[in-house]
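*Asks:* Here it is, the structure, as structure tokens.
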Amino acid sequence: MQIGAIHDATTLALSDSAGPGPIMRSVIVLSVVGVVLIAWFVLRGYGNDD
């Protein structure tokens with residue numbers, strides 16, 4: 001990865017917007033979706049009483 005790309009990514013993540021930057025917002029959303037999917041995958045087997 002080039003230094004310019006790293007600089008651009010950190011600039012987006014540390015922007016002066018009202019909330020977290022677009023990269024941080026994406027990380028948070030993807031983390032929540034991932035946790036929900038993992039919980040569903042793990043817990044779906046508990047309904048099988050065979």
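Every number in this text was worked out from the coordinates using simple rules, so none of it is lab data. Bear in mind that the values here come from a model prediction, so they are computed numbers and not experimental data. For neighbour counting, all protein chains shown are included, and Cβ atoms are generated from backbone atoms with ideal geometry for every residue, glycine included.
*Asks:* How would you rank 39-47, 24-32, highest first, on the average number of other Cβ atoms within 10 Å across their residues?
*Replies:* Details: 39-47: 8.3, 24-32: 11.7.
Descending mean neighbour count gives 24-32, 39-47.
*Asks:* Sticking with this structure for a sec: Taking 0.36 nm per residue of sequence separation and subtracting the Cα-Cα distance, how much length would be gained by fully extending the chain between Ile23 and Tyr46, in nm to one decimal?
*Replies:* Numbers: separation 23, 0.36 × 23 = 8.28 nm, distance 3.56 nm.
Full extension of this stretch gives 4.7 nm more.
*Asks:* OK, next. Residues with amide H under 5 Å of Gly21's amide H, sequence separation 5 or more or different chain, H placed in the peptide plane at 1.01 Å from N; which?
*Replies:* Amide H to amide H, under 5 Å and 5 or more residues apart or across chains, Gly21 pairs with Ser15.
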